[in-house]
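Peer 1: Handing you a structure now.
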Ligand SMILES: Nc1ncnc2c1ncn2[C@@H]1O[C@H](COP(=O)(O)OP(=O)(O)OP(=O)(O)O)[C@@H](O)[C@H]1O
Ligand SMILES: [Mg+2]
């Protein structure tokens, strides 16, 4: 559940929260692209650190840390597989470059999670819906999307209740071998899925009985407008992209090892 | 026996749902827990089978602390029927659903069969034996959930809102069943908003408000004490209301049973007409 709480939006006002979601989305995409451009450790470290000012500005440190901790498990797996593969490939020795590249792969994953998490932590589902609507996505899809996002915490809570109900009937999730353990989750998944389907049908009925879609042309109370902060973020995004592409094409990126050695 | 000693409980989001609860439930007792929405009733009963562990204080079930054993171990003795049956139904047939817990507890297949048949019969579900639980009505699903717990015959039974969505006949059956459990020295704890049901059963009543117990006693006492009832957002049973609203007739104040009320009214009227 901790991964979910790292994506859960809490309403506060900060320069980051007030940014246009479309611009933030472009920024996240740019970070993604850059993270994939590089497989060296140094630029990925920089990429990871670049986002910390955003976290601090938005004052979502606690939530951000929690999502980082939630991702730690997968990150460990990524690190271990990478280093394990290198270990066998190099003939059962650990070399500095292979450790570095394993760290880089892990960092790449962390950067992806980090930027995603910052985006969702600072963007309200309503804001996001508004942004989609203004990019001319049909309202039905926008509504489906925002509803889905809004129901994630509800589902997480429901999963907890279901787990409790089955434990009260003697279900032990941690019992048995690997296959049995997976099977143990069936009594939790089925009620969860059926509940979600039932809820969506009920929601549709309830909405239709309140005249959903009666007017063809919707207007919005709030309209997103680009502001100074948005242009600043666009400039930053553009800057990062340009520097990254330049560095990729024309600069030989030193390994951390070399960097340390070149120090006096 | 359940012993609760100065239990506090805070949910991870910081809501303090229980604020110092102490209470003892003897074997064979029948207890109804009532109180407004969000008073902490469900939170309290979840302490009894270890689903929630106290943040402070202790809960002992048959002298064993709930923090010391797993829920599955406690569940063998403490049956817990959840508020919403849809949180547990998952099998292809009602029969399988009821057998689920029995298999978890390692009952033999022959015993399982017998117990399933017994539970189906008890709750009038025999005709739905092979039906998918998802095809049943809300009240019937609730009964399947109940049957799936009763099947292993736990010594302590906790029912969260058992009467919701049940017609009169089913409620009456439930009441009879609870009385029967009582004669077998089994403990029954129900959480409910159904004042009339409680009045008919006449159990020990606990009234909760804001994570605290504000009254604890016989139903005849607690359900006629208008002051605490108002605090717990409960109206007295209708019989009690009639008696409370007839101050000039010098009627006793602590009557909640229909038949008792009838006798008293008849006697009073006879005396008046003389
Ligand atoms: N899973 C949870 N996480 C956080 N807070 C919760 C959770 N479950 C309940 N609460 C809070 O704890 C308090 C007590 O809730 P509880 O469910 O015990 O009330 P209740 O007396 O059973 O109410 P009801 O009559 O509505 O069933 C409420 O304020 C509720 O908001
Ligand atoms: Mg409740």
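Peer 1: For the protein assembly as shown, treating each Cα as an identical point scatterer without solvent, what Debye log10 I(q)/I(0) comes out at q = 0.07 1/Å?
Peer 2: -0.60
Peer 1: A further question follows. How much of the DSSP bridge set in the protein assembly as shown is antiparallel, in percent, rounded to the nearest 5?
Peer 2: 55
Peer 1: To continue, here is another question. Over the range B:155-274, one equal point on each Cα, no solvent: what is log10 I(q)/I(0) by the Debye formula at q = 0.12, 0.15, 0.20, 0.21 Å⁻¹?
Peer 2: Listed by q, the Debye log ratios stand at -0.51, -0.75, -1.16, -1.24.
Peer 1: Could you compute how fast the range A:1-144 diffuses translationally, taking Rh as the Kirkwood radius over C-alpha pairs and applying Stokes-Einstein at 37 °C with viscosity 0.692 mPa s? Give it in µm² per second.
Peer 2: Details: Rh = 16.6 Å.
Diffusion coefficient, whole number: 198 µm²/s.
Peer 1: Counting partner chain Cβ atoms within 10 Å of every residue's Cβ in B:80-92, what's the average?
Peer 2: Across B:80-92, the average partner-chain Cβ count within 10 Å equals 6.
Peer 1: Next question, about the same structure. Could you tell me the center-to-center distance, by alpha carbons, between the range B:159-210 and the range A:224-247 in angstrom?
Peer 2: If you average the Cα positions of each part, the centres end up 65 Å apart.
Peer 1: What is the angle, in °, between the Cα long axis of helix B:168-183 and the longest principal axis of the Cα atoms in chain B? Nearest 10 is fine, range 0 to 90.
Peer 2: The two axes meet at around 80 degrees.
Peer 1: Sorted from largest down, give the three principal axis spans of the alpha carbons of chain B, whole angstrom values.
Peer 2: For chain B, the Cα spread along each principal axis is 69, 46, 31 Å.
Peer 1: Hey, for a label at residue A:180 modelled as a point 7 Å past Cα toward Cβ, could you say which residues of the range B:87-112 have their backbone N under 15 Å away?
Peer 2: B:103-107
Peer 1: Once label points are set 7 Å from the Cα along Cα→Cβ at both residue A:215 and residue A:194, what is their separation, rounded to one decimal in nm?
Peer 2: 4.1
Peer 1: What FRET efficiency do you get for residue B:13 and residue B:56 if R0 is 22 Å and r is their Cβ-Cβ distance, rounded to the nearest 0.05?
Peer 2: That pair, residue B:13 with residue B:56, gives E of 0.80.
Peer 1: Tell me, how many Å apart are the Cα centres for the range B:91-151 and for the range A:111-133?
Peer 2: Here the answer is 45 Å between Cα centres.
Peer 1: On to the next question. For peptide B:94-105, compute the average count of partner chain beta-carbon atoms within 10 Å of each residue's beta-carbon.
Peer 2: Mean partner-chain Cβ count within 10 Å for B:94-105: 2.
Peer 1: Is the range A:126-264 rounded, prolate or oblate when judged by the Cα gyration tensor, a ≥ b ≥ c being the square roots of its eigenvalues, rounded requiring a/c under 1.5 and prolate requiring a/b larger than b/c? Don't jump to the answer; show the numbers that get you there.
Peer 2: Working: a/c = 3.84, a/b = 1.23, b/c = 3.13.
Taking the square roots of the gyration eigenvalues as a ≥ b ≥ c, the range A:126-264 is oblate.
Peer 1: Okay, moving on. Which distance in nm do the two modelled labels at residue A:222 and residue A:85 give, with both placed 7 Å along the Cα-to-Cβ direction?
Peer 2: Distance between label points: 4.3 nm.
Peer 1: Taking R0 as 41 Å, what FRET efficiency do you get between residue B:271 and residue B:227 from their Cβ-Cβ distance, rounded to the nearest 0.05?
Peer 2: 0.85
Peer 1: Between residue A:207 and residue A:76, what length comes free when the chain is fully extended (0.36 nm per residue of separation minus the Cα-Cα distance, one decimal in nm)?
Peer 2: 42.7 nm
Peer 1: What is the log10 of I(q)/I(0) for chain A, computed with the Debye formula using one identical point scatterer on each Cα and no solvent, at q = 0.11 Å⁻¹?
Peer 2: Summing over Cα pairs of chain A leads to -0.84.
Peer 1: Efficiency by 1/(1 + (r/R0)^6): what FRET value for residue B:253 and residue B:105, r their Cβ-Cβ distance, R0 = 41 Å, to the nearest 0.05?
Peer 2: 0.30
Read-outs throughout are calculated quantities, based only on the coordinates presented, and are distinct from any laboratory measurement. These numbers were taken from a predicted model, which means no experiment stands behind them. Note that we place each Cβ from the backbone using ideal geometry, even for glycine, and neighbour counts take in every protein chain shown.
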